[in-house]
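Heads up, the thing below is written out as structure tokens.
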Amino acid sequence: MERLTFMGFLLRLASSLLLVALTWNPTGMSYTHWVASGFPTVQPLQAVVGLVLLGGWVFSVHATWRSLGRFGVLLGVALFAAVVWLLASQGWIDLSHSGSLGWMAVLLLSVLMAVGLSWSLVQRRVTGQIDVEESHGH
């Protein structure tokens, strides 16, 4: 039975951060910027990379949604919005600078996905209950 370790969570966070930042980030060096620069023409390598990224997104979003549910995802988004508000109210981030807001969005979305990817393990440890996906028709 797998246990959630700090290193396991960090690996989930790193993979989520990599997925989000490769897809889009405020530096202008991302998959989205790469495809947008030649749109509507899409090169074969761009299609392959896009499909790999899409697979990562489908897996991560599905696992996060299944683990946290609608309420958990909404609670996470609300919590992160409040954190951004707190950081801005204290002057620690400047929301008028689109780069800092963009990086906050990348980081917080990555954290939300990492929590979603880890939540079943946390829940099992706290409650002793195991999440089992329903089998449809089998």
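Checked against (1) surrounded by 13 or more Cβ atoms within 10 Å (Cβ to Cβ); (2) modelled with pLDDT under 95; (3) under 21 Å from Trp24 (Cα atoms), Val61 meets all criteria but (2). Please find, within the range 105-122, the residue that is farthest from Gly76 (Cα to Cα) out of those that are at pLDDT below 90 and buried (at least 16 other Cβ atoms within 10 Å of the Cβ). Filtering the range 105-122 for residues that are at pLDDT below 90 and buried (at least 16 other Cβ atoms within 10 Å of the Cβ), the one farthest from Gly76 (Cα to Cα) comes out as Leu121. Yes or no: Arg70 among the basic types (Lys, Arg) and more than 23 Å from Gly8 (Cα to Cα)? In short, yes.
Under the condition of being of a type in the set (Phe, Trp, Tyr) and more than 20 Å from the chain's Cα centre (by Cα), which residue from the range 1-44 is modelled with the lowest pLDDT? Talk me through it step by step, then tell me what you get.
As a first pass, look at the range 1-44 and keep what is of a type in the set (Phe, Trp, Tyr): 6, 9, 24, 31, 34, 39.
Filter again for more than 20 Å from the chain's Cα centre (by Cα), leaving 34, 39.
On the way: Trp34: 97, Phe39: 93.
Checked the range 1-44; the qualifying residue modelled with the lowest pLDDT is Phe39.
Among the residues of the range 43-61, some residue qualifies, meaning at least one is touching a Gly at 6+ places or on another chain (Cβ under 9 Å) and under 30 Å from Val126 (Cβ atoms).
Just the residues that are within 28 Å of His33 (Cα to Cα) and part of a helix (DSSP H, G or I), please, taken from the range 88-106. Ala88, Ser98, Gly99, Ser100, Leu101, Gly102, Trp103, Met104, Ala105, Val106, listed by residue number. Taken together, the residues in the range 14-43 that are farther than 13 Å from Trp57 by Cβ, in contact with a helix residue (DSSP H, G or I) (Cβ under 7 Å, 6 or more places away or on another chain) and assigned to a loop (DSSP other than H, G, I, E, B) amount to 4. Can you confirm whether the range 79-95 contains a residue that is at pLDDT below 95, within 24 Å of Asn25 (Cα to Cα), surrounded by 15 or more Cβ atoms within 10 Å (Cβ to Cβ) and under 15 Å from the mean Cα position of the chain (by Cα)? Yes: one or more hits. For first residues located in the range 64-81 and in a helix (DSSP H, G or I), partners that are among the hydroxyl-bearing types (Ser, Thr, Tyr) and surrounded by 17 or more Cβ atoms within 10 Å (Cβ to Cβ) and lie 6+ apart or on another chain with Cβ distances below 6 Å form the pairs Ser67/Ser120.
The values are calculated or read from the model by the stated rules, or taken from the named source; none is laboratory data. Remember, predicted model here, so these are calculated numbers, not experimental data. Cβ sites come from the backbone with ideal geometry, for glycine too, and all protein chains shown count toward neighbours.
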